[in-house]
Structures are given as C-alpha cells and as structure tokens.
1. Please enumerate the residues belonging to region 104-136 that are surrounded by fewer than 24 Cβ atoms within 10 Å (Cβ to Cβ), of a type in the set (D, E, K, R) and in contact with a helix residue (DSSP H, G or I) (Cβ under 7 Å, 6 or more places away or on another chain).
2. Report the residue count in region 1-42 for those that are within 13 Å of the ligand (Cβ to nearest atom) and more than 22 Å from Pro115 (Cβ to Cβ).
3. So Val56 ticks every box in (1) surrounded by fewer than 16 Cβ atoms within 10 Å (Cβ to Cβ); (2) more than 8 Å from the ligand (Cβ to nearest atom) but one. Which box is left unticked?
4. Strands (runs of 3 or more DSSP E) wholly in region 1-108 with at least 1 residues that are under 24 Å from Met232 (Cβ atoms) and among the aromatic types (Phe, Trp, Tyr) - which ones?
5. Just to check your reading of the model, which residue among Val248, Val256 is closer than 15 Å to Leu171 by Cα, in the same structural domain as Ala174 (by TED's automatic domain parsing) and not in a helix (DSSP H, G or I)?
6. Take the conditions of a type in the set (A, V, I, L, M, F, W, C), touching a Pro at 6+ places or on another chain (Cβ under 8 Å) and more than 23 Å from Leu231 (Cβ to Cβ) and apply them to Ala53. Does it pass?
7. If I go through region 211-233 residue by residue, how many of them are within 14 Å of the ligand (Cβ to nearest atom), surrounded by fewer than 18 Cβ atoms within 10 Å (Cβ to Cβ) and assigned to a helix (DSSP H, G or I)?
Amino acid sequence: MRVAFLGLGIMGRSMAVNLVKAGHEVSAWNRTPGKQVEGARSAATPAEAAREAEVVWMCVSDTKAVEQVLFGPDGVEPSLNQGMVIVDSSTISPSATRQFAERVRTRGVDYVDAPVTGSKIGAENATLIFIVGGDEAVIERLRPLFDAMGKQVFRMGETSKGQAAKLVMNLQIALIYEGFAEALTLATKLGVEAGTLLPLIQASMIRSGVVDYKAPFVLKRDFSPNFPLRLMHKDIHLALDAAREARVKLPGLETVEEVYDLASEEGYQDLDYAATLTLLEKWAGVEVKAGS
Ligand code: NAP
C-alpha cells in the first residue's frame, strides 16, 4: 500500500521501518529534518508526503502536534482525497479525535485512531498491540499495515474509543509502576535488596508486564527513554481531563500526577518515566541496588 508516515520519533521511526520491510511504499516526514527511513521517500512537508498516499499514518507527540500535522501550515488537509484513510497512532485526546475525524469526513476521508502499547521494543520488533477505534471494514482494509508493525489489533468501538481505552491502559501503567517504585524504595530502606525482592514479586500474584519490562532497566539504573516521562505526564493529564469531562474522580492518578509534576520540576522530562523512582529515592535517602 502507499503510506505516508508522519513522525519519526522513538515509536514512529521503527514503525515506518517495518512498513518498508513488509514491502509497502512509504513516504516519510518528520518535523525536524535529518531523521530518515531507509527505503522510504523523504517528504519535505506532511502535505507532500500525503499527496499520493492511500493511507496517512501519524505518530507524533500530542493533540496539538496531530492538529498541526493535519490542519496547520503545510499540513495534510489540502492533500486529502476521497477514499483515503487517516490513522493516528499518537496518544491524544478522545474528544479532539472526534473533531479531527468529523473535519476530514466532510472530504470523504475515514479516520481511525490506533494508539499503541508495547513501547520502543514493541515498535522495533513489530510486536505492538494496536488499540483501535473506527469503522470495522476500514480497519480490515488496514490489516496488512497493522500486521507489518504489530502482533494484535483490539477494536474498542467507533472512532475515539481507541484513544479512550489507551488512556485507561496508561492510567494503570502509571499506577502499577509507581507501586513497584514505592515498594523498591521502602524495601531498600528496610534492608531488602531489589535483586532479592524481584524473584519473590515474579513468583507471586504481583507479577506484571510492567514490572517484567521495567525491572531490568531499573536494576541497571538505565533511565534512558523508552517511554519518556514527559509523554506519560501528558497521558496522565489526558486521562484526568477525560475523567473531569465524564465527572469521574481518580484520586490515585491525581496523587501520581503530583509525583510527575515534581519529577518534571527536577528536569527528568526526557528520561524514561521509570526515573520517578529516583525522586522517591531522594526523599528516602536511599538508592535501589540490584545487590550482590
Ligand atoms: P518522541 O520520540 O518524542 O517523538 C515525537 C514525534 O512527534 C517526533 O517525530 C516529533 O518531531 C514529533 N512532533 C512533536 N511535536 C510536533 C509538532 N508540533 N508537529 C509535528 N511533529 C511533532 O515520542 P514517541 O515515543 O515516538 O511517541 C509518539 C507517540 O506515541 C506519543 O503520543 C506517545 O504518547 C505515544 N506512545 C509512545 C510509547 C513509547 O513507549 N515511547 C508507547 C506508546 C505510545 P521532532 O523530531 O521534530 O521533535
């Protein structure tokens, strides 16, 4: 298929690489020039990338970035063609997603929200899970592209329901990781090393995918970004905004938001969100170590 891929960050670049590997014709664009995908045509603007495309696939930071890529100067809008499909793998606001979808629908263009879970490793290994909202038949047409980049597609309902489900997934990741980080901090303070505690966690009902993914990085004290803290912070805000709109109270997430506010003030935005641990360590006066 002819695909315009917009946004070549941690996730987008590997996704575009996997589309090329699967034999799709990709034109790629990134806001900051210099990021390229071997085997793809580099486009100077989103409009240029989208001109001949059957599918426009986005993976950019946030709601504002998606709006700019679609409707800003040099955005996709003038290149919209009847029958085209826009797919958004960024994590953004469900209500803004509905507005963007309505705006392109007036031009005969379908819109599918397809945020992902699986992080950097999932993007690199084409094992992402897509959390999708949109028309079933349109999603089926996209199947070869989903297959090239991921291992599973879960349809949550009509357009914007993928984003809604993604927000509640990240709500859980943020809370589970914070629980893990608090447990490691207290354990260390009480004299139990992380390397001793971890096999117990993994043998028990506390075991989780979040801990499986993050523990090796934490034990190596590698806080380079797989999922940057600034993006998890953004997702916490999106979930709290959606909760406010729906008149739902989320006291756990509100508390975790405060930790992220403080971590951002400390300058941790571009580290992995796992670096929230270092804030807890600072407060407790300990450093979590794998042990001997
Ligand atoms: P990233 O490495 O920070 O990349 C962000 C991309 O968005 C870059 O290509 C950036 O361009 C572009 N961008 C930012 N603002 C823009 C704007 N105003 N206009 C156009 N392009 C803009 O982020 P990522 O980790 O790939 O994440 C991308 C999306 O996937 C986010 O919504 C994130 O929440 C979601 N996500 C990430 C993960 C993960 O583990 N990393 C997992 C699931 C979902 P420049 O190069 O010019 O800055």
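1. Asp110, Lys120, Glu124
2. 4
3. Val56 satisfies all of (1) surrounded by fewer than 16 Cβ atoms within 10 Å (Cβ to Cβ); (2) more than 8 Å from the ligand (Cβ to nearest atom) except (1).
4. Where strands (runs of 3 or more DSSP E) fall fully within region 1-108 and carry at least 1 residues being under 24 Å from Met232 (Cβ atoms) and among the aromatic types (Phe, Trp, Tyr), they are 2-6, 55-58.
5. Val248
6. On the way: of a type in the set (A, V, I, L, M, F, W, C): yes; touching a Pro at 6+ places or on another chain (Cβ under 8 Å): no; more than 23 Å from Leu231 (Cβ to Cβ): yes.
So Ala53 fails the test.
7. 1
For every residue, the table says whether it meets (1) within 14 Å of the ligand (Cβ to nearest atom); (2) under 22 Å from Ala49 (Cβ atoms).
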site: Val87; (1), (2): yes, yes
site: Ser90; (1), (2): yes, yes
site: Thr97; (1), (2): yes, yes
site: Lys120; (1), (2): yes, no
site: Phe130; (1), (2): yes, yes
site: Gly133; (1), (2): no, no
site: Glu158; (1), (2): no, no
site: Thr185; (1), (2): no, no
site: Leu190; (1), (2): no, no
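The values are calculated or read from the model by the stated rules, or taken from the named source; none is laboratory data. The structure presented is a predicted model; accordingly, all values stated were derived computationally and were not measured. Here the Cβ is made from the backbone with ideal geometry for all residues, glycine too, and neighbour counts use every protein chain on show.
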